[in-house]
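The values are calculated or read from the model by the stated rules, or taken from the named source; none is laboratory data. Note that the structure is a prediction, hence the values are computed from the model and not measured. No Cβ is skipped: glycine too gets one built from the backbone with ideal geometry, and neighbour counts run over all protein chains shown. Ligands, DNA and RNA are stripped out before the accessible areas are found, and what is left, the full protein with its side chains, is counted by its heavy atoms. Shrake-Rupley method; radii C 1.70, N 1.55, O 1.52, S 1.80 Å.
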Amino acid sequence: MANEEMEMEFERPGAALANRPLHFFWLVDCSGSMFGEKIATVNNAIQSCIKPMQDAAENNPNAHLFIRTLKFATGANWVSSNPIPVEQFVWDDLAAGGVTDMGKAFELLAAQLTIPPMSDRALPPVIVLLSDGQPTDNYKKNLDKLLHLPWGKKAVRIAISIGKDVDDDVLLEFTGNREYVLQANNAEDLTKMIKWASTVASVVSAPGSQEPISQQADDTSMAGDNNTGGAYDMGNIPQPSAGVVW
Amino acid sequence: MDGELKKGTLLTSENGNKYMVDSLLGEGGQGAVYDVVMEGKHVALKWYHKDKATSDQRKILDNLIEKGAPDEHFLWPEDLVIAENGKRFGYIMPIRPKEYKNPVALMKGMINPSFLTLCKVAYNVTLEYQKLHKLGYCYSDISFGNLFFDPKTGDVLICDNDNVSVNGLYASQVLGTPRFMAPEIVIGQAKPSRNTDLYSLAVLIFYMFIVNHPLEGAQEASIKCMDIHAMRLIYGENPIFIFDPDNKTNRPVPGYQDNANIYWDIFPQNVKDLFTISFTTGLKDPRQRVTENTWLEIFANMITGIIRCPSCKHEIFYDTSKEELGVAHTCWHCSATAKVPVKMVIGRKVIVLNKDSKIYAKHTIGNSDMTTITGEVSINPNNPSMWGIKNLTQDNWTYIQEDGSQILVPPQRSALIKANAKIDFGVEIAEFK
């Protein structure tokens, strides 16, 4: 017996599950030394991470992921003026040229991690800094300011150190945790590190199945108590390959 | 990711079967899942990341493959595939049909199943986990990610069964998923077990019914940065049920956690009582958690306890406690009052008799089958005011009138719905009330 009532759709009340924003920042060094293969690799690697990030976000009802890109060379600029929801995010290829005003980038980032524009309730922001050199400006004051902001302090901060000319101490100051300074010695490493960094958003927002600590492959202790990120089980932090150096 | 399998790669299993990699279906923390083909048939391969391909995991899989699936609702490991160098491995399982959706789709409002369907999902998923527990296993990681259901029928599939382990012999690689892990696991005092499964199951069902986490109320709302420390507090160190009758400090916050208040009022008191036990006494004492049989009895009555609003036709749950207290059933959508129809009562099983109501094998032969329809409400073609129960089984039923006289109800015939009359199904006897 056909039954019209059974086949009609009656909406349940209520809305989607309440979620929190998660702000993800790519901070990309676009100085002259990044020209050529390096920036091309970065462009390709980040672009290829978008789809997996979108897929992961789709499976996560507890977070709404927003992505923004900040480039720095001579000066620093936001690539988009507003946070872009991951489902709408597209990568605009970056070009390299100029000096390394990393401090300027920290200043712009700090302005965005202040409340407002940051909301009261959120998941820890994730900041991924990619650099192949040393700051040419006086970065210290701006980094200090960033790290003293509540959301700056809470942010999971990762640095990808490209090649051998990097001042890793600056990157360490930024991450507050040696484990989160990833060394990329070649294009393959760089792609691997970027891909891994892109998955940190899902670890932070909806940590997947957690494994017992004792069974982790690398049971290195997490340094840097001032860094929220230190408490997460990131698993699988990629290791650089030995060999070719740029 | 390192070691991705390329399309066309040929892999050989322990049993000598050859699988050809077709496409990547998805990636997770433990590994990637591929669509692979064997003799023209598509199946799924879960291929572990290098550091997850442990000998412990392999032992678990060998055991699961040997024992076989509890039933066809589990996408169970069927065959073990090992890389040529012997270092990586994965397992074969049935592929999931596309129409099955994850609770995440429900949480995001991308699908809108009826309350009836959700009750069927709750019933079916509880039944499946009960089957697992009856075999001495625990699942260890009940959460959004491993349940899929058909939004039309409420049929369920349980996937990611590679963490299933023997209860009490903790060997699994997982502790569970945050927000679903029992508090004693969150604070590091316990490992996954049957009792922690019961907690995760209660969270999962609460999420599906209420679209809010049972512990996310004022406490969660007061936290600015939801980092791992905050999560440990809410789900582990200081968990408080948002509707704890004795502790009102963690009520849902209007404007932020509205779903909780909207849905909670719609559900019948007996299921709310079970949630309350689960997230008050059961929160602290794993032995006092609600067991599957108790849930199943309530979910079965919810499936057969839906009244249609006489005005807007939305679904209203019949609530025994309202009837006992003489409180009207009002529609949550249009506020119209709904009259409770005649009910069929079999022990503690209650079926509200609407014109589209069904009865199931559970009612007529007393098993746990709430899928096989054994009877339905039918309208007398000669007198539309006379409703009956049509016998959809192969067996004769006996209709017992109020005066005790008996009439045979052969298959395909209907017996009149009348207060105080009874139907003897052979095993169970139902009374109209």
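Some notes on this structure:
- Going from the chain on its own to the full set of protein chains, the stretch B:110-157 has these residues losing 40 Å² or more of accessible surface (heavy atoms, 1.4 Å probe, no ligands, DNA or RNA): B:N112.
- Over the stretch B:1-61 - Rg/Rh using Cα atoms and the Kirkwood inverse-distance radius: 0.96
- When each full DSSP H helix of chain B is screened for a Cα extent of at least 15 Å along its own axis and an average Kyte-Doolittle hydropathy of at least 0.5, the helices passing are B:194-210.
- Protein accessible surface hidden between B and A, which excludes ligands and nucleic acids, total in Å², probe 1.4 Å: 4600
- Among B:H229, B:H213, the sequence by solvent-accessible area, most first, with a 1.4 Å probe is B:H229, B:H213.
- Using θ = phi - 60° in the Karplus curve 6.51 cos²θ - 1.76 cosθ + 1.60, the 3J(HN,Hα) couplings for the stretch B:322-330 round to 5, 4, 5, 8, x, 8, 6, 8, 9 Hz; x is entered for Gly and Pro.
- Near B:G176, the amide H atoms lying under 5 Å from its own belong to A:Q210; only residues 5 or more places off or on other chains count, and H is placed 1.01 Å from N.
- A:R121 accessible area, 1.4 Å probe, all protein chains in place, Å² to nearest 10: 80
- When each of B:K7/B:K41; A:K51/B:K46; B:K98/B:K313; A:K104/A:K141; A:K104/B:K224; B:K313/B:K343 is checked by Cα-Cα distance, pairs over 22 Å: B:K98/B:K313; A:K104/B:K224
- Database remark: amide H of B:W397 closer than 5 angstrom to the amide H of B:V409 (H placed geometrically; neighbours at sequence offset of 5 or more, or on other chains; Pro and chain starts carry no H).
- Ligands, DNA and RNA are left out, and with a 1.4 angstrom probe the accessible area of the stretch B:7-117 is 47 Å² per residue.
- Estimated translational D of chain B in µm²/s (Stokes, Kirkwood radius over Cα pairs; 4 °C; 1.567 mPa s): 54
- Normalised by residue count, the stretch B:103-296 yields a Cα convex hull volume of 116 Å³ per residue.
- Prolate/oblate/rounded label for the stretch A:16-133 (Cα gyration tensor, a/c 1.5): oblate
- The protein assembly as shown - Rg over Rh from alpha carbon coordinates, Kirkwood radius: 1.03
- Anisotropy class of the stretch B:337-391 from Cα gyration tensor, a/c 1.5 cut: oblate
- Within the shell defined by Cβ-Cβ distances under 15 Å, the residues around B:M370 carry a net charge of -3, with Lys and Arg each +1 and Asp and Glu each -1.
- Simple Cβ-charge dipole of the stretch B:103-296, Lys/Arg +1 and Asp/Glu -1, about Cα centre, in debye nearest 20: 120
- Expected 222 nm ellipticity per residue - DSSP helices of 4 or more, -39500 (n - 2.57), all of chain B, to 500: -7000 deg cm²/dmol
- Cross-link pairs A:K164/B:K50; B:K108/B:K284; B:K322/B:K433 - those with Cα-Cα distance over 22 Å: A:K164/B:K50; B:K108/B:K284
- Kirkwood-Stokes translational diffusion coefficient of the stretch B:342-433, alpha-carbon pairs, 25 °C, 0.890 mPa s, µm²/s: 190
- Ligands, DNA and RNA left out, the 1.4 Å accessible surface of the protein assembly as shown is 51% carbon and sulfur atoms.
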